[in-house]
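The values are calculated or read from the model by the stated rules, or taken from the named source; none is laboratory data. Since we're looking at a predicted model, the values are computed, not measured. Neighbour counts are summed over all protein chains in view; Cβ atoms, including those assigned to glycine, are modelled from backbone coordinates with ideal geometry.
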Amino acid sequence: MEFQTLKELYAHSIKAYGNRPSFSMLERESMTYNDFDDRVEYVRGILLGAGIGSGDKVALLSSNMPNWSVCYFAIVTSGMVAVPILPDFSGSELDMIITHSEAKALFVSDKLYTRISKEVVERMNIVVRTKNLGIIARTSFELGAMTEPKPEDLAVIIYTSGTTSSPKGVMLTHYNLAAQIQMDRDLFFVKPDDIFLSILPLSHTYECSLGMLLPFMCGASVVYVDRPPTASNLLPALREVRPTVMLSVPLVIEKIYKSQVAGRFNSSGLLRKLYGKPFFRKMIHRIAGRQLYKLFGGRLRFFGIGGAKLDTEAERFLSEGKFPYAIGYGLTETAPLIAGAVPSNVRLGSTGPVLPGIEARLEDTNEFGEGELVVKSPCTMLGYYKNPELTAEVFTPDGWFRTRDLCAFDPDGFLYIKGRLGSMIVGPNGENIYPEDIESVLNSHFLISDSIVTQEQGKLVALVRFDRAELEKRYHEFRDDLATTMEDIKADVIKYVNSKVNKSSKIATIEEQEHDFEKTPSHKIKRYLYTRKPKEEKEHPQTPADKR
C-alpha cells in the first residue's frame, strides 16, 4: 500500500495494528495502537478547542516520550504544521524559533518550559504539558477548523542547527515524509514484532522519520529511555528491552570501541604490537563483536548509524566483529535519507548506494572523480521557511538540491562522503584536503575526545580536546608534570595520525583545547569558530566568543 500523506499512513496503522503495542516508556507506561489513537483524538480536541486549525503552526519542544509521538500525529493528521525543536537550543534561540515559525500553540516538557520567555508563552493560544497533556496556559477558546491534508501540504518545519549560520526552518510536505518512509521500508523491511529502542532526540529528522514514523507504519513498537545514552544508562535498558532495531550516531559506538576494544589493546607495547597484526586484530574483533552483540540483548538485527562520519577504525571493528550495523546518509532537507546500506550490504567507508527513487549526480568534479553531490528526490524540502534567498541558493537552475557535500562513487554505485564543501582546505600545491578525514583518524586515538583540523600559514594544525581522565590514568606517574609529558604525547599522536593519512593531509602541529568545543544543538562542532585566519588578517585576532 502506498501513502500520499501522513494522515493516510496513520489511519492504515491504527486499523491494521490496533491491539499491538505501539509506544512505551522504559519501565513505565505503554500503549497499544488503539490506546495511542484515543490519546491523539484527545490532543486534537485540545488544539481545535483553542482556535488552532489546519495550516496553523504548533511547536513541539520536549524530551522523548510516547506523548511526543501523540502530539506529532495529532498535529499533522489535523492538517496543522508541526514544528519539532531540538531541546539543546539556548533559551534565546528557542524564543526566536517559536516566534519565527509563527506557532500558535506549544507542547513542552517540564524542564524545557522554564527556558521559554514569558512573552512567548503569552502569545500562544495554548501551552500544553507533554508529560500528562495538562494545559499550562490558554488565551483562546475559539473553535478551530480542520481539513483533510493533501500530499503537497506543509507537514513540518524543522529548524536545523547549522555549523556555519543561524537556524533555518526546513519545510517538508506530507508527501516528502510519506515517500521517505516508504523508501526506508523498501531498504530495510521492518516487521510488526520488531522492537525499537529510541535513544536519539525525536526532534531530529533522522530519529523522527526512521525511528518513529517507520516503525509506526509497519506496526512495530518503540521504547523510549528518559536518560542520556551513556553506558551506565544504556546497558540496563538494553538488558530490559533486548531491541531488534536501534538508531545511533557514531559517537555512541565510537566510545564503546575506544573504551572496550582499542583502549584495552593500547595499554602495553606488546598488546599494541599484537593488535597491529591483521590476523590477531580480526580474531580480537570477532570475539569482542560477539560480546557486544550479547551486550545489546542478543536480538539486534539492525543498528543504524548516521548523522556524521563514522570513524574508520570503529567501523572496521564492527565489520570484522560481524555486528549488524548499517550506514545511512542524508540531510534534514531530504527528510532525511539519500543513501544507505543494510547490514548484509555495508562497505567500509561508504554510506551505501543511493536509494531507489532518488536521482544523484556530481557537479564540478576534480581529477579524482570527487564533486558536489546534487540530488533530485520526492523527499526534497519545499525550501527554508520565510527565506527565499537562501532557498534559491541551495537549488540548481534545473531544480536539483545541492547537498554541499563533496562525494565520490565507486564503480558499483556506492557513495563515499569526502567532506563538506565549505570546510575543504586547499593545500599549498592546490590539492584538496578534507579535514573530516583527518579528524576521523585523530578521534580514533584513545586519548582524544574531539578535534578540528584547520590551516595556518600553509600548514595543517589540529586543535585537540584530550581526554584528561584517560591521560591521567595512562600517565599517572607524570601527573605532577603532565605539561612536559604532553609534548611527547602530542608527538606520538602526530606520528599516529600521519602514518594513516596521505602526504597532503599530514598535520604539522597539535594545539590542546582546554575547554570543550562549542557545538550546535545536534552536537556538531561549530567549525567556523575555530577556522584560522590567514596571516594578513591576524593583526586583530578574534577569540571564538568574539565571532558569535
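Return the residue satisfying two criteria in turn: it lies in region 1-21 and is over 16 Å from Leu172 (Cα atoms) and among the basic types (Lys, Arg), and of such residues it is farthest from the chain's Cα centre (by Cα). Applying the filter and picking the extreme gives Lys15.
If you check Ser109, Ser78 for being more than 27 Å from the chain's Cα centre (by Cα), modelled with pLDDT of 95 or more and either outside the structural domain of Pro229 (by TED's automatic domain parsing) or among the small types (Gly, Ala, Ser) (or both), only one passes: Ser78.
Residues checked against (1) among the small types (Gly, Ala, Ser); (2) surrounded by fewer than 21 Cβ atoms within 10 Å (Cβ to Cβ); (3) under 24 Å from the mean Cα position of the chain (by Cα):
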| residue | (1), (2), (3) |
| --- | --- |
| Ala408 | yes, yes, yes |
| Pro411 | no, yes, no |
| Leu415 | no, no, yes |
| Ser423 | yes, no, yes |
| Gly427 | yes, yes, no |
| Asn432 | no, yes, no |
| Ile438 | no, no, yes |
| Leu442 | no, no, yes |
| Ser449 | yes, yes, yes |
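Could you please tell me which pairs satisfy a Cβ distance under 7 Å, a separation of 6+ or placement on different chains, a first residue in region 101-126 that is free of Cβ contacts under 8 Å to residues at least 40 places away in the same chain, and a second residue that is in a helix (DSSP H, G or I) and surrounded by 15 or more Cβ atoms within 10 Å (Cβ to Cβ)? Hits for this filter: Arg115/Leu94; Ser117/Asp95; Val120/Asp95; Val120/Ile98.
Given region 322-394, what strands (runs of 3 or more DSSP E) lie entirely inside it while holding 1 or more residues that are in contact with a helix residue (DSSP H, G or I) (Cβ under 7 Å, 6 or more places away or on another chain) and farther than 21 Å from Met246 by Cβ?
Values: elements: 325-330, 337-341, 359-363, 371-376.
Those strands (runs of 3 or more DSSP E) span 371-376.
Restricted to region 222-257, and to residues there that are polar (S, T, N, Q) and not in a strand (DSSP E or B), the residue that is surrounded by the most Cβ atoms within 10 Å (Cβ to Cβ) is Thr244. For first residues located in region 489-508 and more than 15 Å from Ile452 (Cβ to Cβ), partners that are among the basic types (Lys, Arg) and modelled with pLDDT of 90 or more and lie 6+ apart or on another chain with Cβ distances below 6 Å form the pairs Asn498/Lys506. Tell me which residues, restricted to region 315-338, are touching a strand residue (DSSP E or B) at 6+ places or on another chain (Cβ under 6 Å) and of a type in the set (S, T, N, Q). The one that is touching a strand residue (DSSP E or B) at 6+ places or on another chain (Cβ under 6 Å) and of a type in the set (S, T, N, Q): Thr332.
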